[in-house]
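Let me begin by presenting the structure, written as structure tokens, before commenting on it.
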Amino acid sequence: MESGIVLPPEILGYFYNFPITNTLLVSWITIAVLTAVSILATRKIKLVPGGLQNLFEIIIDFVYTTVSDLAGDKKTKVFFPIVATFFFFILFGNLLGLFPGFGTITYKGEVLLRSMNSDLNMTLALALTSAFLTHAFALRYLGILGYLKKWFTLNPIFLFVGILELVGEFTKVVSLSFRLFGNIFAGEVVLATISGIFAFLVPLPFYFLEIIVGFVQAAVFMMLTLVFMVLLSEKHAAEH
């Protein structure tokens, strides 16, 4: 096996003709861990929360308040489950990638476990999902005619602006996917390099830094998705 971090994810095997990569495997593990933690946190709900329940209530309350402040009461119930899912899925995926064994355990000569967001396929899938839901909600709240008015009008100036905004929707997908991928992949490379040179103590500050980066990137993806949803589902001032 070649040494060092490689850009594409390593293929561990195939399910018929479908490749099973190490990042795909970690995404399944992330889903399993999220499910298990959710069950543990809500198994015995108490009026006065403690432990895991208290931690999750603080995080969820913060996310819900943030969504409510931006989206308003009516849209919060719709947007909140989506953006909260993005946040927890990305966060847990980022943090799992820092556990011992990631990048070191091998299977048939390939790295078995690798941070899922260090795979551009994963971050692009998340960005495309975000964009699809954003436009789906815009259609729901504006209707087909109102949605089309966002991009097309008889006024040549506003038509040009609308076309530019339509092109901007594609750049949002690129921005969301590459921002998350770039930060996580770069962190993985730094950790692998530092850990290869220094076995103890020296890598610890970098691990703490990556924990912060993991939180920040999950929050940034969540906030940008929320802002895009709110902006695209609002009518123009002239339509109110």
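The values are calculated or read from the model by the stated rules, or taken from the named source; none is laboratory data. The structure presented is a predicted model; accordingly, all values stated were derived computationally and were not measured. Note: ideal-geometry Cβ built from the backbone for every residue, glycine included; neighbour counts use all protein chains shown.
Of all residues in region 125-152, those that are farther than 14 Å from K75 by Cβ and under 19 Å from the mean Cα position of the chain (by Cα) total 9. Taken together, F79, F56, F62 contain a single residue that is within 19 Å of R140 (Cβ to Cβ), among the aromatic types (F, W, Y) and either at pLDDT below 85 or assigned to a helix (DSSP H, G or I) (or both), which is F79.
Just checking, how many residues over region 175-215 are part of a helix (DSSP H, G or I), of a type outside the set (G, A, S) and free of Cβ contacts under 8 Å to residues at least 40 places away in the same chain? So the answer is 11. Taken over region 106-133, the criterion of being free of Cβ contacts under 8 Å to residues at least 12 places away in the same chain and farther than 16 Å from W28 by Cβ is satisfied by T129, F132. Listed by first and then second residue, the pairs linking a residue in region 27-46 that is under 23 Å from L98 (Cα atoms) to a residue that is of a type outside the set (A, V, I, L, M, F, W, C) and surrounded by 11 or more Cβ atoms within 10 Å (Cβ to Cβ), with Cβ atoms under 8 Å apart and 6 or more places separating them unless they lie on different chains, are S27/G93; T30/G93; A41/Q53. Residues satisfying the criterion are present in region 101-110 (criterion: at pLDDT below 90, of a type in the set (K, R) and outside any helix (DSSP H, G or I)).
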